[in-house]
Amino acid sequence: MRKPILAGNWKMNKTRDEAIHFALSVEPKLPKEGVEAVICAPAIILRDLVKRCEVIHVGAQNMNENVSGAYTGEISPVMLKDTKVEYVILGHSERRAYYNETDEKINQKIVRAFEYDLKPIVCVGEVLAEREANKTNDVLKTQVTNAFKGVEIANPDNIVIAYEPVWAIGTGKSATSAQAEEACKYIRDLLAGIYGEDVAQKIRILYGGSVNTKNIAELMSMPNIDGGLVGGASLKEDDYITLCNACAK
Ligand code: PGA
């Protein structure tokens, strides 16, 4: 059985003190089993969070594909490994839209993440115009195929995919559970085509985009949705606890 994941994507929010306060107050209230509670925090507070978290699995929000060098402002996989984070979000739509991240870059990042024992959470998803033009599957196929070109998956537990329709992110307009399930199932079928059914059945696929405490249960009732990647609602302690509880199986 795939263990559900509730991953908070804090984006560019929370200072160190706010993050530590959050972690210390939610940890005693999180389910002890049945879900992996993850927080992807700003890079500058990762080391402190890793030190303080016992239940929460800590992740970064991005990573450069190079190991070191003249890349001002960037964070390398070596640094993330040194910080002892477990996960790293790759290819979030905000990175694709504002920082020109291409499928090719994301592909290089996935390879690098595996080299340094980091678990990628790879984001894919269509924009509104693509959905309206019935191109969702085409977009997902291109993104998934390109992101995983030549990538070997030694352990399917170490890779996570997040289906995040761009029109649903931060808009309060979540995909319906049927839309989310259809896309997650399609992604699983694509993975089966690349890696075989057995591996595809073991990979966790999350839904993200305006997940909240009200819609999480229905999303989680879908057979191919293994958790959520949650922005806004993951910033509030009570909501984060409720979301983790709703995901626990
Ligand atoms: P949201 O963000 O939950 O605020 O829509 C999700 C994400 O960007 O991962």
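Of the candidates T83, T72, the single residue that is hydroxyl-bearing (S, T, Y) and in contact (Cβ under 8 Å) with a residue 24 or more places away in the chain is T83.
Annotation note: of T15, T83, the sole residue that is among the β-branched types (V, I, T) and surrounded by fewer than 17 Cβ atoms within 10 Å (Cβ to Cβ) is T15. Taken together, the criteria place A154 among residues that are exposed (fewer than 14 other Cβ atoms within 10 Å of the Cβ) and in contact (Cβ under 8 Å) with a residue 12 or more places away in the chain.
Of the helices (runs of 4 or more DSSP H) lying entirely inside segment 146-242, those carrying at least 1 residues that are within 15 Å of the ligand (Cβ to nearest atom) are 177-195, 216-220. The C-beta contact set for segment 1-26 (first residue closer than 30 Å to D198 by Cβ, second residue away from the ligand (no atom under 16 Å from the Cβ) and at pLDDT below 95, distance under 6 angstrom, 6+ apart or interchain) comprises P4/K249.
Within segment 219-231, the residues that satisfy the criterion of being surrounded by 16 or more Cβ atoms within 10 Å (Cβ to Cβ) and touching a helix residue (DSSP H, G or I) at 6+ places or on another chain (Cβ under 9 Å) are L219, M220, M222, N224, I225, D226, G227, G228, V230.
Kindly check whether there is at least one residue in segment 82-94 that is within 16 Å of the ligand (Cβ to nearest atom) and assigned to a helix (DSSP H, G or I). Yes, segment 82-94 contains a residue that is within 16 Å of the ligand (Cβ to nearest atom) and assigned to a helix (DSSP H, G or I).
Yes or no: S234 surrounded by 15 or more Cβ atoms within 10 Å (Cβ to Cβ) and either within 20 Å of A37 (Cβ to Cβ) or of a type outside the set (D, E) (or both)? Criteria met by S234. Checked against the criterion of being open to solvent by 20 Å² or more (accessible area, probe 1.4 Å), over 18 Å from the mean Cα position of the chain (by Cα), at pLDDT 95 or above and among the β-branched types (V, I, T), the candidates T142, T102, T136 yield just one match: T142.
Of the listed requirements (1) in contact with an Asp or Glu (Cβ under 9 Å, 6 or more places away or on another chain); (2) open to solvent by 50 Å² or more (accessible area, probe 1.4 Å), V127 misses just one: (1). Within segment 162-183, residues that are farther than 14 Å from V230 by Cβ reach partners that are within 8 Å of the ligand (Cβ to nearest atom) and outside any loop (DSSP other than H, G, I, E, B) with beta carbons closer than 8 Å, at six or more positions or on different chains, in the pairs V166/S93.
The values are calculated or read from the model by the stated rules, or taken from the named source; none is laboratory data. Everything numeric here is computed off the predicted structure, so don't read it as measured data. Reconstructed Cβ throughout: ideal geometry from the backbone, glycine too, with neighbour counts over all protein chains shown. We work out accessible area using only protein heavy atoms, side chains counted, and drop any ligands, DNA or RNA first. Shrake-Rupley method; radii C 1.70, N 1.55, O 1.52, S 1.80 Å.
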